[in-house]
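The values are calculated or read from the model by the stated rules, or taken from the named source; none is laboratory data. Here the structure is a predicted model, which is why all the values come from computation and not from measurement. When we count neighbours, we look across all protein chains shown, and the Cβ atoms used for this are built from the backbone with ideal geometry, even at glycine.
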Amino acid sequence: MERIYIFKRFERFWHWSQALLIILMMATGFEIHGTYTLLGFGKASQLHTNAAWVLIALWVFAIFWHFTTGEWRQYIPTTDNLLAMMRYYLSGIFTHAPHPFRLTQLRKHNPLQRMAYLGVKLLINPLIWISGLVYLYYNDLNAAGYEVELGTIALFHTIGAFLMLAFFVVHVYIITTGHTWSSHLKAMITGWEEIEDTK
């Protein structure tokens, strides 16, 4: 095995902070929708809103970091090796086929990951944030003369939340698909990824 330093300190901080905030927002969101009662509607709603503002601030800082460091290039979608990656995740992973993508510091994400992250950044996140902010400022928007249908906004926010939940579940599953079940997890904790030495 070869060890490569892939994930910088800020990337790991951003990843884990974002993960904790999203988990908190999913948990409080389900309570707000009446799935269960733990904190009560008022406390869950306030915690959900506070977590959302913290996550927005984190994303603004992360966007700044990505553009100033050039790391935004890691998310440019590509179709190179896309079919090989799809075959690997559909069948090759179960037959111990060699991984068709080799990580480097300049290529941290395989083509499927890039497509998934693009979908999150261009579809799921805007859907959640726009609907969430409209929902949060619903009374102010109506007072200003904008007629907003609350049920529609809530539906869009819920759709976005379930899309994020689906992404989260797949993301957690993919973590376990390294050469050991915990190797990708360790890489996101330490920054060092162990990859097969093909020399």
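Figures for the structure shown
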{"quantity": "Where PHE94 falls short, out of the listed (1) within 22 Å of ILE4 (Cα to Cα); (2) at pLDDT below 90", "calculated": "(1)"}
{"quantity": "Search result, residues across the range 163-182 that are in a helix (DSSP H, G or I) and either surrounded by 12 or more Cβ atoms within 10 Å (Cβ to Cβ) or of a type in the set (Val, Ile, Thr) (or both)", "calculated": "LEU163, MET164, LEU165, PHE167, PHE168, VAL169, VAL170, HIS171, VAL172, ILE174, ILE175"}
{"quantity": "Residue satisfying all of: in the range 5-62; without any contact (Cβ under 8 Å) to a residue 40 or more places away in the chain and among the charged types (D, E, K, R); surrounded by the most Cβ atoms within 10 Å (Cβ to Cβ) among these", "calculated": "GLU31"}
{"quantity": "Candidates LEU150, LEU163, filtered to the one that is touching a helix residue (DSSP H, G or I) at 6+ places or on another chain (Cβ under 7 Å) and at pLDDT 95 or above", "calculated": "LEU163"}
{"quantity": "Hits in the range 35-66 - residues which are outside any helix (DSSP H, G or I) and over 22 Å from VAL169 (Cβ atoms)", "calculated": "THR37, LEU39, GLY40"}
{"quantity": "Selected residue (criterion: nearest to the chain's Cα centre (by Cα)) from residues of the range 21-46 that are among the hydrophobic types (A, V, I, L, M, F, W, C) and over 17 Å from VAL120 (Cβ atoms)", "calculated": "LEU24"}
{"quantity": "Qualifying residue in the range 127-140 (condition: free of Cβ contacts under 8 Å to residues at least 12 places away in the same chain, polar (S, T, N, Q), over 18 Å from ARG12 (Cβ atoms) and in a helix (DSSP H, G or I))", "calculated": "yes"}
